[in-house]
Amino acid sequence: MDALDRKILTELQLDGRLTVTELAARVKLSVSPCHRRVRDLEREGAIRGYRAVVDAATVGLNFEALVFATLRWEDRDTVTEFEKAVSAVPHVIQAQRLFGEPDYLLRVATTDLAAFQQLYDQRLATLPGVQRLTSTLVMKHVVEDRPLPE
């Protein structure tokens, strides 16, 4: 991957709806080589897909919390069961396994505090293997959906 590929990736992260012609102009490349590079980046897995970025508040998800989960045991079965169960909770919009404590960081979006409390009590607290949950509320997004550095 060279500097031109990285520039293509940056431009597509900023606007995934660019036409190949627009993209080629932005990276100062003719259309055919630009198209070929994009196809290669897709085939190699550098570009995993394209999607719309939806504003959560506009669709009624005005409340966001970060939930830290610590498991009782970290054996393979517990981890597998926890990850399968957390993947089935639609309001968990990101889940990351961490080194050290806590074991997981979950990003949760709901309509309001009452909906979060219900989700926390009925779904999150009952996830397999959970020893402890700690949560904090997101006050404001400072950096969001930033393109990866070149």
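Of note:
- Condition met for Thr58 (in contact (Cβ under 8 Å) with a residue 24 or more places away in the chain, under 24 Å from Gln118 (Cβ atoms) and more than 14 Å from the chain's Cα centre (by Cα)): no
- Members of segment 118-150 that are without any contact (Cβ under 8 Å) to a residue 24 or more places away in the chain and either closer than 24 Å to Glu83 by Cβ or among the aliphatic types (A, V, I, L, M) (or both): Gln118, Asp121, Gln122, Ala125, Thr126, Met139, Val142, Val143
- Residue within segment 112-125 that is of a type in the set (Lys, Arg) and surrounded by 17 or more Cβ atoms within 10 Å (Cβ to Cβ) present: yes
- Residue match in segment 51-60 (condition: in a loop (DSSP other than H, G, I, E, B), closer than 29 Å to Arg97 by Cα and of a type in the set (Val, Ile, Thr)): yes
- Taken as a whole, segment 71-83 holds at least one residue that is buried (at least 16 other Cβ atoms within 10 Å of the Cβ) and touching a Ser or Thr at 6+ places or on another chain (Cβ under 7 Å).
- Residue check, Leu127 under 19 Å from Met139 (Cβ atoms), modelled with pLDDT of 95 or more and outside any helix (DSSP H, G or I): no
- Of all the residues in segment 38-50, those that are open to solvent by less than 80 Å² (accessible area, probe 1.4 Å), part of a helix (DSSP H, G or I) and within 18 Å of Leu148 (Cα to Cα) number 3.
- Residue list for segment 94-104, filter: touching a Leu at 6+ places or on another chain (Cβ under 6 Å) and surrounded by 14 or more Cβ atoms within 10 Å (Cβ to Cβ): Ala95, Asp103
The values are calculated or read from the model by the stated rules, or taken from the named source; none is laboratory data. These numbers were taken from a predicted model, which means no experiment stands behind them. Because the Cβ atoms are built from the backbone with ideal geometry, glycine has one as well, and the counts that use them run over all protein chains shown. Accessible surface is based on the protein model in full, side chains and every heavy atom, while ligands, DNA and RNA are left aside. Shrake-Rupley method; radii C 1.70, N 1.55, O 1.52, S 1.80 Å.
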